[in-house]
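Peer 1: Here's a structure for you.
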């Protein structure tokens with residue numbers, strides 16, 4: 001059985017809308033439920049690290065992500081992250097040269113929405129974790145990228161090769 005660590009850091013993938021007077025807030029991650037629904041048979045250990053929009057992540061937060069991932073016993077790590085600074089965090093992880101396969105994913109629309117891209121992105125990320133060599137990857141927009149070869153295209157609402 002494959003063992004995967006899931007490190008949740010927040011972002012749109014975990015946002016929820018609570019009432020008419022509220023704005024979207026980052027809630028408890030639903031990604032473990034998505035993976036269970038996919039029916040992968042994966043042994044998943046969840047590490048809820050942060051609940052922040054990626055635009056609010058600091059250098060200290062990124063260092064915490066790198067340190068946490070480095071300390072994990074699992075060699076396959078899925079990180080959920082906001083899309084705005086996902087590439088920056090992936091680059092930091094890549095620079096750390098951890099002996100792990102790390103895939104970062106997120107969503108343009110919250111996982112709780114019916115028309116979310118989260119389910120597909122998580123599925124691609126889980127597949128990439130099982131097939132890719134050690135390294136850091138980004139799974140978004142039905143593709144798997146390396147950090148220095150991808151950008152978020154805000155107008156198209158997708159990640160594209162650069």
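Peer 1: Out of segment 107-153, which residues are at positive phi and in contact with a strand residue (DSSP E or B) (Cβ under 8 Å, 6 or more places away or on another chain)?
Peer 2: 135, 141
Peer 1: Check residue 41 against each of (1) surrounded by fewer than 13 Cβ atoms within 10 Å (Cβ to Cβ); (2) part of a helix (DSSP H, G or I) and name the one condition it does not meet.
Peer 2: Only one criterion in (1) surrounded by fewer than 13 Cβ atoms within 10 Å (Cβ to Cβ); (2) part of a helix (DSSP H, G or I) is unmet by residue 41, namely (2).
Peer 1: For segment 59-96, name all the residues that are part of a loop (DSSP other than H, G, I, E, B) and farther than 23 Å from residue 159 by Cβ.
Peer 2: Residues satisfying the conditions are 72, 73, 74, 75.
Peer 1: Inside segment 97-133, can you point out the residues that are surrounded by fewer than 20 Cβ atoms within 10 Å (Cβ to Cβ), assigned to a helix (DSSP H, G or I) and touching a helix residue (DSSP H, G or I) at 6+ places or on another chain (Cβ under 7 Å)?
Peer 2: Listed by number, the residues that qualify are 119, 123.
Peer 1: Within segment 44-56, can you find the residues that are out of contact with any helix residue (DSSP H, G or I) (no Cβ under 7 Å at 6 or more places or on another chain) and either outside any strand (DSSP E or B) or under 12 Å from residue 93 (Cα atoms) (or both)?
Peer 2: Residues satisfying the conditions are 53, 55, 56.
Peer 1: Do you know which of the residues in segment 11-32 that are at pLDDT 95 or above and assigned to a loop (DSSP other than H, G, I, E, B) is surrounded by the fewest Cβ atoms within 10 Å (Cβ to Cβ)?
Peer 2: The extreme case among them is 29.
The values are calculated or read from the model by the stated rules, or taken from the named source; none is laboratory data. Given the structure is predicted, the values throughout are model-derived calculations rather than measurements. Backbone-built Cβ (ideal geometry, glycine too); neighbour counts: all protein chains shown.
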